[in-house]
Structures are given as structure tokens and as C-alpha cells.
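Comments concern the structure below.
The values are calculated or read from the model by the stated rules, or taken from the named source; none is laboratory data. Computed from a prediction, not measured in an experiment: that's the story for all the values here. Positions of Cβ are generated from backbone atoms using ideal geometry, with glycine treated the same way; all protein chains shown enter the neighbour counts.
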Amino acid sequence: MKSAHRREKGRIRRQMLRARNYYSLKRGNRKMRKVGWNDQRNNDDFKGQFKASCQCFSTSVWMLMSYFSRAIRADDDKGLKMYVDDVSNVVGSAGIGEIIMRKLPFIKGNSAYWWQVHKAAIEKWLKQVGVNAVVTFRDGDCTMSEIEFALKYSPVVLGTDKMAGLPGGHIILVVDRDDRNWYVNDPFGNANTRYTDKNGAMVAYPIDWLKQYITYNKGGLCRAMWIEKAF
């Protein structure tokens, strides 16, 4: 058991060292993970075919991938546009969105709204830049404690509902945590201000406050995705 525990600790440490800028911010005496932020409001809307206000999922995944490879920059809007083109079946050229839709016929509408598409896209895009990624997707059966464990080695893409007055679902990237807060890259801005503050970089969301938006059932389970392994 001790040997397995040491191997797991070693794996987590290697993954953190591979990811860039892990020890970049300080909260009190603790150094926090830093992940580049992207403002979805500035995203290309593909001539009105896919509004920037609806691109929170793609933007959050783009920020996640930037943590694991220097070849992907969180603030690279041109690269993000290419990613959106790849995952969405309603804009641009055919890509991973169309491929996964053929494999999973239950996927309807805009493929960029589906977790299964982004899971495949993360693995594809990181492999293209030399990173083999194993992605974990928990479809409404993930506890908050499991997310906090995953944060030891990866930021976590998290689904929310009607966040701070938004009309529907919203995807954010949980970057790190402390005893009271989850630190979030929110692509739409700062939910603490009901999004009047458009800067959503490394925003502290109190855990007890955030719970009201991320629970999907009475058991408090949620939908989330992270990179389990990167090598």
C-alpha cells in the first residue's frame, strides 16, 4: 500500500511539474496554481452562427489545455477560434464534433455543448502538441470532494446552472482551492458581481455559495471533467 501511495504521489508531482506556472500565485502562505484566462465575450461569433456568449464551454476547455502545454496559449483567440470550429458542427469545417456525433447518435444540436465532444477534443489537441492526455468525465455523478482531490493535479472544468442570474447552464474552470474558496477562471467574468465585472481571472468563489449553482440533484453531485494523466 505504501509503495502504491508513493507512486501516486510521484505521478501527481510529475504532472504538476510538466504543467507550466504551477507555483505562481500566493494566497497567504500557500502558493497557488495559475492558469491563463480568456474572455469569452471577445470570441469570434462566426458571423452570428455561434454567439460568443454561448462559448463558455470551449473557452474553459481552451484554458485547461493551456495549462498542460506551452504550445497552447489561453489568450490566443485565433487558436481558440480554430478549436471552436473543430468541436462545433454548426460552424466552419467538419471536425471532431462531427466525428463524435456519428459515434454517439444521441448528441443533437450544436456539438460544442456536449461533454463527450470536448473530452475527445482535449485528447486530440494535446496529442497534436506532444502531450498524451487521459481525460476523466463525470456525468452528473461527481462529488465536490472528488473535484478537490482532482485539483491536486489538474484544473477542473465544471458545469453550473443559472450562475449568478445567468439564464441557463454555464461552464467554468476551477483552478485551485483553499479551505473557504474555489479559485475560478470564469470566462464570462466575475459572478460575485453578477457579471458586472467582466474580469473572471482567478476569482474567489466561496464554496458554500458556489454549491447552489453546481448541484444537479439532491445528493449534491455534479458534472465535471479534468485531465487524469498527462505524459
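What to note about this one:
- Subset of segment 163-204 (residues that are in a helix (DSSP H, G or I) and not small (Gly, Ala, Ser)): Met163, Asn192, Thr193
- For Asp197: the one exception among (1) over 24 Å from Arg138 (Cα atoms); (2) in contact with a strand residue (DSSP E or B) (Cβ under 8 Å, 6 or more places away or on another chain): (2)
- When we screen Lys162, Lys124 for residues that are on the phi > 0 side of the Ramachandran plot and either aliphatic (A, V, I, L, M) or in contact (Cβ under 8 Å) with a residue 24 or more places away in the chain (or both), the only hit is Lys162.
- Every residue from segment 180-229 that is within 17 Å of Val61 (Cα to Cα) and hydroxyl-bearing (Ser, Thr, Tyr): Tyr183
- Scanning segment 117-162 for residues that are more than 12 Å from the chain's Cα centre (by Cα), part of a strand (DSSP E or B) and aliphatic (A, V, I, L, M) yields Ala133, Val134.
- Restricting segment 168-192 to residues that are under 10 Å from Tyr205 (Cβ atoms) and of a type in the set (S, T, N, Q), the residue that is farthest from the chain's Cα centre (by Cα): Asn192
- Hits in segment 141-168 - residues which are loosely packed, with under 14 Cβ neighbours inside 10 Å and closer than 18 Å to Ser60 by Cα: Lys162, Gly168
- When residues of segment 205-231 are limited to those that are of a type in the set (D, E, K, R) and not in a strand (DSSP E or B), the one modelled with the lowest pLDDT: Lys218
- Per the listing Tyr153, Tyr216, Tyr195, the residue uniquely among the aromatic types (Phe, Trp, Tyr) and closer than 20 Å to Lys34 by Cβ is Tyr153.
- Single residue of Ala133, Ala164 found to be over 24 Å from Met82 (Cβ atoms) and touching a helix residue (DSSP H, G or I) at 6+ places or on another chain (Cβ under 7 Å): Ala164
- Segment 54-73 residues that are among the charged types (D, E, K, R), paired with ones that are surrounded by 24 or more Cβ atoms within 10 Å (Cβ to Cβ) (beta carbon under 8 Å, 6 or more apart): Arg73/Ser66
- Residue within segment 188-210 that is over 15 Å from Val157 (Cα atoms) and of a type in the set (Asp, Glu) present: yes
- Within segment 213-230, being farther than 14 Å from Val174 by Cβ and under 19 Å from the mean Cα position of the chain (by Cα) holds for Thr215, Tyr216, Leu221, Glu228, Lys229, Ala230.
- Tally of residues being of a type outside the set (A, V, I, L, M, F, W, C), buried (at least 23 other Cβ atoms within 10 Å of the Cβ) and under 18 Å from Met225 (Cα atoms) across segment 60-104: 5
- When segment 180-203 is limited to residues that are touching a residue at least 40 places away in the same chain (Cβ under 8 Å) and aliphatic (A, V, I, L, M), the one that is farthest from Met144 (Cα to Cα) turns out to be Ala201.
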